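The values are calculated or read from the model by the stated rules, or taken from the named source; none is laboratory data. None of the values given here were measured: they were computed from a predicted structure. Note: ideal-geometry Cβ built from the backbone for every residue, glycine included; neighbour counts use all protein chains shown. In case anyone asks, the SASA skips ligands and DNA or RNA and just uses the protein heavy atoms, side chains included. Shrake-Rupley method; radii C 1.70, N 1.55, O 1.52, S 1.80 Å.
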Amino acid sequence: MTGSPPRPGEISLAHQNVLFLDELPEFSRHVLDCLREPLEAGCVTISRAAQQTTFPAKFQLICALNPSPCGHFDGDLSSARATPDQILKYLNKLSGPLLDRIDMQVSVPRQPEALQQQQPVHEPLSNSWRKLVVQARERQHNRQQCLNSELNTKQLTKHCLLTEEDHGFLVKAIDKFGLSHRAYHRLLRLARTIADLEGVNTISRQHLAEALSYRALDRLLQQLRDL
């Protein structure tokens with residue numbers, strides 16, 4: 001046998017757990033695109049000259065990044081020390097197919113006023129949120145015998161029914177942001193989960209709008225192209 005035997009890497013070591021990548025665009029595009037297969041299939045296959053090995057890689061991917069190479073951009077060029085082209089080059093390390101597989105993209109704005117006042121102490125809400133999540137997961141298993149993230153295309157048609165008007169709303173949003181069919185299906189799964197957290201059976205326009213609001217990077221890229 002030639003070459004070293006395949007060994008599990010970081011994504012397999014994170015199986016059934018969380019993989020956190022900080023400063024995401026600082027990774028090479030090739031490395032980031034290697035995440036696409038395991039994010040979709042839940043496993044990774046490594047081929048060598050004499051053998052092929054498949055490792056489990058079903059993990060929760062959490063990433064953090066600055067919106068520009070200078071560290072700040074809020075949609076106004078006066079707030080950044082980089083040009084639109086420089087920002088796009090920086091963010092273009094994140095390919096469209098990779099962004100398609102990231103269900104929730106949340107923008108965290110600067111809050112300088114928070115430094116000027118002492119923050120009040122709040123009671124932890126972890127127990128309340130845990131209860132909601134447990135109830136939502138039970139609702140999903142009772143309805144379809146799996147989690148929403150595991151719904152295939154046929155199951156989506158059955159369990160994520162939309163009115164004609166709401167379907168048109170979602171298709172128009174998909175077209176506006178240039179999203180793929182994969183993103184369409186992931187938005188449906190996310191909207192279904194939002195409805196489950198509210199304890200309702202039907203996906204409404206409100207749930208679709210909230211799911212679309214978690215596409216911060218897609219909106220940022222569209223904004224940069226328009227500058």
Worksheet, complete the sentence: Summing +1 per Lys or Arg and -1 per Asp or Glu among the other residues with Cβ less than 15 Å from L161's Cβ gives +2
Item to complete: Using only the C-alpha atoms of the chain, find the volume of their convex hull and express it per residue in Å³.
Response: 178 Å³
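R110 to Q16: FRET efficiency via 1/(1 + (r/R0)^6), r the Cβ-Cβ distance, R0 30 Å, to the nearest 0.05? Walk me through the numbers before you get to the answer.
Details: r = 35 Å, r/R0 = 1.17.
Calculated transfer efficiency: 0.30.
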Practice prompt. Find which of L197, L19, S4 sits farthest along the positive direction of the dipole of the chain, computed with +1 on the beta-carbon of Lys and Arg, -1 on that of Asp and Glu, about the Cα centre.
Written response: S4
Practice prompt. Pick out, from S180, S95, T54, the residue whose Cα sits farthest towards the positive end of the charge dipole of the chain, with +1 on the Cβ of Lys and Arg and -1 on the Cβ of Asp and Glu.
Written response: T54
Practice prompt. Provide the net charge surrounding I62, with neighbours chosen by a C-beta distance below 14 Å and charges set as Lys +1, Arg +1, Asp -1, Glu -1.
Written response: -3
Discussion item. Just want to confirm a number: the relative contact order over the chain, from Cα pairs under 8 angstrom separated by 6+ residues, in percent.
Written reply: 19 percent
Worksheet entry | Within the accessible area of the chain (1.4 Å probe), percent carbon and sulfur | 52 percent
Worksheet item: Lys pairs in the chain, Cα-Cα under 28 Å, at least 8 apart or on separate chains: how many?
Response: 13
Worksheet entry | Residues of the range 37-57 with amide N under 14 Å of the 7 Å Cα→Cβ point at R182 | 37-43
Worksheet item: Mind listing the phi-derived Karplus ³J(HN,Hα) values for the range 154-160, rounded to whole Hz, using 6.51, -1.76 and 1.60 with θ = phi - 60°, and x for any glycine or proline?
Response: 5, 5, 4, 4, 7, 9, 10
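Using +1 on the beta carbon of Lys and Arg, -1 on that of Asp and Glu, and nothing else charged, what's the dipole of the chain about the Cα centre, debye to 20?
Computed about the Cα centre, the dipole is about 620 debye.
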Fill in: Solvent-accessible area per residue, Å², over the chain with all protein chains present [probe radius 1.4 Å]
65 Å²
Practice prompt. Collect residues whose amide H, placed 1.01 Å from N in the peptide plane, falls under 5 Å from the amide H of L21; neighbours closer than 5 in sequence don't count.
Written response: I62, C63, A64
Practice prompt. Provide the per-residue ³J(HN,Hα) series for the range 20-30, in order, calculated from phi with Karplus coefficients 6.51, -1.76, 1.60 and θ = phi - 60°, each as a whole number of Hz, with x at glycine and proline positions.
Written response: 10, 10, 8, 6, 3, x, 6, 7, 5, 4, 4
Fill in: Under 14 Å, Cβ to Cβ, from E10 - net charge with Lys/Arg +1 and Asp/Glu -1
+1
